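Derivation of every value follows stated rules applied to the coordinates shown; laboratory data play no part. Remember, predicted model here, so these are calculated numbers, not experimental data. Neighbour counts are summed over all protein chains in view; Cβ atoms, including those assigned to glycine, are modelled from backbone coordinates with ideal geometry.
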Amino acid sequence: MPSAPPGAAGDAAAAEVLRDLVRRGLAEAEVLTKRGRSRRLALELGSETSTFSQERAWAVRASSRRASFFAAGAGDLPAGESAAPGSPGGAWPDATGRPFRLPDPEAIPPWTPPSDIEAPLIGESEGLRLLASLGSELAAELPGARLLHAALEDGSSESELASSRGLRVACRRRLATLRVEATGPGHPGAGAALYLAAREARRFHPKALARRLADRLSVAAVGAPPRQGSAASGKRASGAPGGEILLAPDVASALLAALLPLLVGPAAVARVSALRDRRGRIGSERLTIVDNGRLPGGALECPVDGEGMPCRETVLVEEGVFRQPLLAWWQVDGAAPGAASGCCRRASWRDLPAPGPTHLYVRPDPKLSVAALLADVRHGHYLIDATGPARLDAEEDRFELPVCGFAVEAGRATAPIAGARLCGTAAALFKGIAAAARDLSFLPLDGMLGSPTLLVTGLELRAAT
Amino acid sequence: MPWSELDTAAVARTLAQIAEQPDDVVDAYFERREEVELPPEDDAPGLRVWREEGFAVRLLRGQRTWMASRDGIAEQPFAEALRQVARALPPVGYPEPRVRATTSSFGGPFGAAGASGAAGAPGTFGAARAAGTPGDSGPADARGAAGFLDLAHELRDFPLAVARAIRAHHVGIPVRLTLRRHRRWLQVVGSRLVPEPQSESFYSCVLESQWGRHGALLPRLDGAAAEQVAAAAVGLFRARNAAAPAAFRGVAVLAPAAVAVLLHEAVAHALEADTLARGGRPEAAIGLALAAPCLDVLDDPAAAPTEVGRTSDDEGLPVSRRWLLRRGVVEQPLADTAWSRLSPALVPGAGRRGSRHLPPGPRSTHLELLPGDAAESDLLAQANGGLHLPAASRGGLDALSGEFTLRFPHGRRIRRGTLAEPVGACILRGQVADLLTRATAVGRETLAAGAGWCAKGGQKLPVWATAPALRLEGVAVEADA
């Protein structure tokens, strides 16, 4: 166990609820208690908002052999006779619907909490200074550009989970998010947005973020759609399909998010089988995809998942070979290959645990810099941002992602590209990965999804309709 | 109502101490929520219940807002929150006004524990009814344990009613339904104003079938609601093999449910003060001819279905029958207190908040498109090759570019003034200013339609609408992949 839950009173209340539920025939019972606090600072068109929230909540789910319920609430955990299910004074709803089972406790490998978990939340003036600095840096990078909205949230929480199967875990979390929308010069100016997550708000660097925003705003303002049938359309001069396309981490992560059904859950096995070639590969040797809930330095780093199961590194695709989908303990039944990992997330105390990635990423190559990859592009594109969500045609197995970036000739950016769509199939993307750089970074999408810059061939860049 | 034990006068007096400057706005927002969900039969766990309560204290001074929020309602956390938003600490601590909420109206001890921590006496199912606490709860609030079972039965009966309604369309198709009842009780207390408490109660329903998904908000679970959900299921089934329409520009006739989403995205969001401010001064929109003269659009929270009707907004200000568009011209954009202080031409009263932990923002509650004089045959006339679109699955507005999209799971081709073969999923796309000028006729019969959930800025709120059908000409529709 990572640590003993703080607060003997909370422990006692949870134990009492568990005993009571079991005594009433609900043999599978689980109690989650959580306390959290967060500071949210926002700048919006000249106005400032500072919010400090404290939350305190619990969630209980329980099942007999025939029926089950879930109840959650803010405040202290109800306990005692008054909480009896179905009784005139009861807090719990009657058990209905399908029964479920809970996991048996498992040994949790040793884990040292990151030191920044202890760091105090960002202060009001410090946070507002960070946002204001982002605005001034943006204006310095691109005169006339301005922030429309910037919101910084820094929070921490402690939770304890106990079950009738003897599971007892406690967890501390720390997470900061930054959401920024900006507009470029002119009226109406081009727009760009960022949404980022880190363990601590002080990890957001205004100058670097301002540069990212300015790049996107500049490209959006002056970029042109790729010319059809030309090199800019993603075809080589010889007319061969494909072309070299450098996908920045944000673009690659957006594609990864769209292709998660190929990697998560037992149904992924059937979906991925269509991508296998004669050698059984679904991707190039440069493609390794991993999920790791306890990734050191990860924003969501934790030794256990939302059901108290130990998190571990799970290799889903190894050098192009599909090893296993991401599976929760209750999804391992022999139908899908591979072992379970602690991957059941609770979005909040209001939510039931559901399997999904925590830190799912394409493994980087520590020897390759982005500059080296760019220098290798003779004729192609460097796509720096996804400007909207991906669209999937499940029947045709094709995706489209609105993007912006640059045309590249002989390793140098020659013209900004905007109003473009990156099109292709999952097979073409996975098999077309020629290299991965070392600049792994994550985006808060469906969990934290990450990728380094990827050099790919076999995809097309088209003008948006 | 759960606020009978809340000493609003004492809270107001305490808040007044924080309002040091003449223009300061200080308020406290007390909130209690209950949601009960019945998942589909094959899902576990079974019945799901969420109950929570808490409060937020806010100080608005100039263009700055300070807010502190807490789960649970009790004196000490309230005093702490006051200290967090106050800009100058008093020589002695703030008094701790009595802010306990009534425990029994939740129907269980969930709220009691949150209300007062260890000191809170647990409430019980049925206690309110038994004690007959005056002003404590409405009939639905005081149901007690038996009432809770009634609710479970009510939720369980609805899928059966939907199945019967589907069979009445002469089809038998398997569907999965997730039903949830949402209830919210609010009490806003200002330093000078204590409006009457507000409450909302409604249901959300998500239908899943192998041919698609449909979400609906329903003020009540009655026969009309069952028919509404069944018609959506049957529509998905009947369009299961239909090809998506090829891209075209022409006539689109939107049924009331689709008009509700259109109004929300293209009129309400476009006329929210914070959206307008992205392009310049919000008040500059007043007097702008944004839409065709046949469009009269209002936001009137008081005219919403009884179960969700409001007399004051989430800032405690009285709501009004707000003309967003009068004969296509912008009259009064949506504004909350903060935006009306920045732009004095804007009238507050449209402040909404998704939760106590988030500050209010300008949003619509219940949109109305006033009826025109077109019969259904007029709407469908001379529209050969056009599309009839019964319901939109979702919509979106890019606040910067003004580009608007509305997605439809299916529709029907219009041929010789009648509805012909079904078509598959499609998207109506355009610039808001252009799209709204393309309205050429408004139906004469209005229908109440829950427009659905709106999640702008991470604040999930139910939005309602009453609308007739609408004919648009020269609009671009394309297939939705």
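So the values come out like this:
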| read-out | value |
| --- | --- |
| Summed side-chain charge close to B:Pro245 - residues other than B:Pro245 whose Cβ falls under 15 Å, Lys, Arg +1, Asp, Glu -1 | +3 |
| Isotropic mean projected area of the C-alpha convex hull, chain A (nm²) | 24.5 nm² |
| Full-extension gain in nm, A:Glu319 to A:Arg37, via 0.36 nm per residue minus C-alpha separation | 97.3 nm |
| The protein assembly as shown, dipole about Cα centre (Lys/Arg Cβ +1, Asp/Glu Cβ -1), debye to the nearest 20 | 1460 debye |
| For residues of A:59-72, the mean tally of beta carbons on other chains within 10 Å | 4 |
| Exposure proxy order (Cβ contacts within 10 Å, fewest to most) of A:Val403, A:Val321 | A:Val321, A:Val403 |
| For the range A:8-219: relative contact order, % (alpha-carbon pairs under 8 angstrom, 6 or more apart) | 21 percent |
| √(5λ) per eigenvalue of the Cα gyration tensor, the protein assembly as shown, largest first, Å | 41, 36, 31 |
| Dipole moment magnitude, nearest 20 debye, the range B:219-344 about Cα centre, only Lys, Arg, Asp, Glu C-beta charged | 520 debye |
| Cα gyration tensor category, rounded, prolate or oblate, for the range A:353-447 with a/c compared to 1.5 | oblate |
| Cα pair distances exceeding 35 angstrom across the range A:223-463, given as percent | 14 percent |
| Angle in degrees between helix A:124-141 and the longest Cα principal axis of chain A, rounded to the nearest 10 | 10 degrees |
| Within chain B: Cβ-based charge dipole about Cα centre, in debye rounded to nearest 20 (Lys, Arg +1; Asp, Glu -1) | 680 debye |
| Charge dipole of the range A:283-390 about the Cα centre (unit charges at C-beta), most positive-ward option of A:Ala347, A:Val362, A:Trp329 | A:Ala347 |
| Computed FRET value (nearest 0.05) for B:Thr440 with A:Arg23, which takes r as the C-beta separation and R₀ as 51 Å | 0.15 |
| When each of A:Lys431/B:Lys460; A:Lys34/B:Lys460; A:Lys34/B:Lys456 is checked by Cα-Cα distance, pairs over 31 Å | A:Lys431/B:Lys460 |
| Mean separation of Cα contacts under 8 Å, 6 or more apart, over the residue count of the range B:242-479: relative contact order % | 30 percent |
| Residue order, fewest to most beta carbons within 10 Å, for A:Glu137, A:Glu118 | A:Glu118, A:Glu137 |
| Chain B: radius of gyration over Cα atoms, expressed as a fraction of 2.2 N^0.38 Å | 1.04 |
| Of all DSSP beta bridges in chain A, antiparallel share, percent nearest 5 | 95 percent |
| Folded to 0 to 90 degrees: helix A:206-222 orientation relative to chain A principal axis, Cα | 50 degrees |
| Nearest-0.05 FRET efficiency for B:Gln76 and A:Ser348, computed from C-beta distance (R0 25 Å) | 0.50 |
| nm² value of the averaged projected area, convex hull over the Cα atoms of the range B:242-479 | 11.9 nm² |
| Cβ-based charge dipole, the range A:223-463, positive-most Cα from A:Gly308, A:Phe399, A:Pro416 | A:Pro416 |
| Acute angle (nearest 10 degrees) that the helix B:8-18 long axis makes with the longest principal axis of chain B, alpha-carbon atoms | 80 degrees |
| Projected label distance in nm at B:Ala375 and A:Tyr195, using a 7 Å step from Cα toward the beta-carbon | 4.9 nm |
| Computed label-point distance, nm, for sites B:Ala246 and B:Arg416 using a 7 Å Cα→Cβ extension | 2.2 nm |
| Inter-label distance for A:Ala371 and B:Arg394, nm, one decimal - labels placed 7 Å from Cα along Cα-to-Cβ | 4.2 nm |
| Rg/Rh (Cα only; Kirkwood hydrodynamic radius) as it applies to the range A:8-219 | 1.15 |
| J(HN,Hα) series, the range B:406-421, from Karplus relation 6.51 cos²θ - 1.76 cosθ + 1.60, nearest Hz, glycine and proline x | 9, 9, 10, x, 6, x, 10, 6, 9, 9, 6, x, 10, 7, 10, 5 |
| The range B:406-422 residues near the modelled B:Gln382 label - backbone nitrogen below 18 Å, point 7 Å along Cα→Cβ | B:414-418 |
| Inter-chain shielding of B:49-62 (mean C-beta neighbours from other protein chains, 10 Å cut-off) | 4 |
| For A:Tyr195, A:Tyr361, order by how many other beta-carbon atoms lie within 10 Å, fewest first | A:Tyr195, A:Tyr361 |
